Structure formats: structure tokens, C-alpha cells
Amino acid sequence: MSLVHPAEPPQATAAVDGPSSEELDEMWRRQVRWWHALFAILLVATTGVLVFEGKPQLPWQLADVAGVAVVYAVWGWRGLGQQDLRAATAYVVVAWALMVVLMSLDGTGSAWILTFGLFPQTWASLPRNRAAVAVVVAVIAIAIVRVWQAPRTHDQLAAIVISTVIMLVLSLTLGLFIDRIIREADSRARTIDELHLAQAQLAAAERAQGVAAERERMSREIHDTLAQGFTSVVTLARATQSAVDRGDLEAVRERLRIIEQTASENLAEARLIVAEMTPGHLQSRTLAEALQRLVDAVGQGSGMSGRLVVEGEPVVLQANSEVVLVRTAQEGLANVRRHSGASSFEVRLRYAADEPVSLEVADDGVGFEWSGERAGYGLDGATARAAEVGGRFEVKTAPGEGTRLRVEVPL
């Protein structure tokens with residue numbers, strides 16, 4: 001039977017940029033000082049015009065303007081941006097009441113200057129519905145004052161009605177338009193906050209996944225190197241004990257030499273794993289040389305007959321791809337030595353033009369029933385390694401028919 005494990009493509013996440021709620025609030029805090037400056041200019045301009053006109057009611061008019069300045073200093077600045085709704089409501093009510101009184105004292109209408117500040121402040125201080133009600137009440141109150149002051153002629157009343165309607169429509173339209181822009185900006189800022197939060201959560205999840213993947217990689221590294229080396233040492237130590245019992249000193253010396261060599265390689269592998277370098281078998285060697293050394297080591301330690309076959313013209317592969325091939329060969333040969341009961345094995349490295357480089361480890365042993373389910377770090381690790389470099393891994397085996405492991409890596 002055969003089971004192929006293709007590589008899975010990596011996933012990417014898109015970056016999100018834009019003003020957040022905190023940045024929007026900071027923008028407003030920077031702009032509010034200009035609101036204060038503009039209103040101060042309007043207060044000074046109104047005072048100057050009233051003084052220039054020099055009407056008999058000037059003291060009362062100046063007291064009224066001063067009253068508007070005082071309530072702004074007490075409540076108005078705190079209500080801007082709906083920071084303090086109670087202060088905003090108190091300011092709007094008192095300021096517009098003073099404005100109506102000022103209009104009643106001013107027959108020429110110079111006090112209209114202040115409305116250029118009060119209308120925007122109303123929309124900026126109160127929620128939309130409250131602001132709309134306040135504007136309507138203020139405009140109607142001012143219209144009543146104008147009717148009370150003006151001659152009761154038909155033309156004059158018509159002019160007051162028309163100007164009042166125009167003022168009401170313009171103030172409501174402009175206010176609602178500004179409110180809509182502010183709401184859309186707030187909504188966008190909240191959406192961006194949510195996206196930033198989602199990105200942070202995704203980044204945390206990816207970091208956790210990366211930690212888990214690194215742990216799994218280290219487990220595979222240890223299994224494919226140190227664990228297999230120690231297994232060889234244990235097997236050779238038992239064979240040495242048997243040779244000692246037989247009095248075969250030559251075999252004892254050979255086994256001890258191999259044990260020393262295997263232990264030295266394990267030590268080198270441990271150091272390289274810590275340094276996250278390539279496998280020790282590839283240090284200062286070609287891929288074919290590294291595979292030949294593996295074949296020789298297994299053959300000498302197990303008594304099986306093994307060979308390496310290289311087909312095609314060797315090409316330079318990426319370091320990660322060579323690591324995958326060597327690790328797969330190590331895993332396959334470890335399984336041949338421990339489980340196969342084979343008399344011979346073969347490692348075949350195949351290069352072909354415009355095709356993936358393949359490595360096969362085959363034996364003539366007992367084989368096994370392979371269902372493709374998880375089988376421990378060995379075969380699962382080989383599958384994961386191949387996927388990491390865009391390759392694939394497959395197992396072909398059946399009871400009594402030997403085993404063939406095959407891995408392909410892209411050029």
C-alpha cells in the first residue's frame with residue numbers, strides 16, 4: 001500500500017493600518033485648543049462691535065457677553081467633545097439664554113457674531129438629538145425676540161420667518177453633516193481597534209504555534225540523531241558483551257571503536273542542535289558522502305549488506321533540503337536496523353533534470369501493516385520535514401514484502 005503526504009502552503013495575514021480610537025481622541029485634544037481660541041476671538045469681536053456702536057444698553061450688553069465667557073470657562077470647555085454631558089447641557093442652556101437676552105438688547109443684530117461659536121459648540125457638546133432640539137429652540141427663541149423688536153408689518157414678519165427658516169435649515173443640515181462625519185470616524189476607529197486586537201490575538205496564537213512547532217522540531221531532531229545514536233551504542237554494547245563472552249578480542253576492539261565513533265558523533269550532533277546548525281553528517285561533506293557514511297555505519301553495526309546508489313548528475317540543494325534527505329535516510333536506516341529483520345538494504349539518491357530530488361530507503365525485511373496513521377516521531381517527523389521544504393514523503397510496505405521509504409524535495 002502507499003500513502004503520500006503533500007506539503008501544505010503557508011498562510012499569511014494582512015496588515016491593518018489607520019487611526020484608532022485613542023489616536024482619534026488625541027487628534028481632538030490637539031484641536032480643542034483652536035476651538036477655545038476661536039471662541040475667544042468671537043467674544044472679543046462682539047465686545048468690540050458693541051463698544052463701537054455705543055448704545056445706551058452697553059453696560060448690560062457687556063455684562064451679557066461677560067456672562068457667556070464665564071459660563072464657557074466654568075462649563076463650556078469641559079463639555080466639548082461630550083466629555084462631561086452635565087457640564088455641556090448646563091453650558092448650552094445658559095449660553096443660549098444669555099444669547100437670547102443679548103439679542104433682545106441689541107436692536108441692530110450685531111450680537112449675531114456669537115452664534116458662529118454657539119452653533120458648532122452645541123453640536124460638539126451634546127448628543128445628536130439633544131443638539132438638534134437645542135438648536136431648534138434657540139432659533140425659535142431668537143425669532144420671537146426679533147418679532148418682538150421689529151415693526152409689526154407684513155413684509156417685516158415675512159422676512160423674519162424666511163430668515164429663521166433658512167437659519168434653522170442651515171444650522172441643522174450643517175450640524176447633522178458634521179455629526180455624521182464624527183460618527184463615521186468613531187465607527188472606523190472602533191473597527192480598526194477591533195482589527196488591531198484581532199491581529200494581536202492572531203500574532204499571539206502564531207507565536208504559540210511557532211513555539212509548539214519548534215518543540216516538535218527539536219523532538220524530531222533528538223529522535224533522528226541522539227536517540228538513534230544511543231540506540232546504536234546500546235546495541236553495540238550488547239554485541240560487545242557477547243564477543244567478550246566468546247573471547248573474541250578482535251570483535252571487541254571493533255565494537256568498542258564503533259561505540260566510540262558513534263558516541264563522538266552523538267556529541268557533535270548535540271552541539272550542533274544547540275547551535276541550530278546542519279546535521280553533523282553534512283559538515284564538510286557532500287550529500288552523497290554523508291549518505292555513504294550512514295550506509296557504512298549501519299552495515300558495520302548490524303551485519304547487513306547495504307549499498308548507496310546515486311543516479312543522475314548531483315546538483316546543489318538548499319541546506320534545509322539536504323537536512324531533510326539525511327534525516328529521512330537516518331530514520332529509514334534506523335528502522336531497517338531495529339525492526340526490519342532484513343538481510344540487505346539499499347539507499348537510492350536520484351537526481352533528474354527539472355524534477356524533484358528523491359531519496360529511497362528500501363529493505364528486504366518483513367515489512368508491516370501501514371495505515372497512514374500516526375506512528376511516532378519517526379515517520380511522522382519525516383512527513384513533517386518534507387512538508388516544511390515543500391516536498392512530500394511516502395511509505396510503501398506490506399507484511400512480508402519489505403519496506404520502501406521515499407522522500408522528494410524540490411530543487
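FYI, it's all coordinate maths here, none of it is from the lab. Just so you know, these numbers come straight off a predicted model, no measurement behind them. Here Cβ is always computed from backbone atoms with ideal geometry, including for glycine, and neighbour counts include all displayed protein chains.
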Inter-probe distance in nm under a simple model that places probes 7 Å from Cα toward Cβ, at Arg246 and Glu53 | 12.4
Using the per-residue mean of other Cβ atoms lying within 10 Å as a proxy for protection, in what order, highest first, do the peptides 119-132, 191-204 fall?
-> 119-132, 191-204
Looking at the stretch 279-411, send over the antiparallel percent of its DSSP beta bridges, to the nearest 5.
-> 75
Loop-only check: which GluC sites (Glu not before Pro) in the stretch 307-397 are DSSP coil with at most 13 other Cβ within 10 angstrom?
-> Glu369, Glu373
What ranking do 395-402, 289-296 get when scored by the average of other Cβ atoms within 10 Å per residue, highest first?
-> 289-296, 395-402
If we count other beta carbons within 10 Å of each Cβ, what is the order of Asp354, Asp364, fewest first?
-> Asp354, Asp364
Linear extension gain, His154 paired with Arg29, 0.36 nm per residue minus alpha-carbon span | 40.1 nm
Rounded FRET efficiency, nearest 0.05, which uses the C-beta distance separating Leu85 from Ser264 and R0 of 51 Å = 0.05
Difference of contour (0.36 nm per residue) and Cα-Cα distance, Ser343 to Thr286 | 17.8 nm
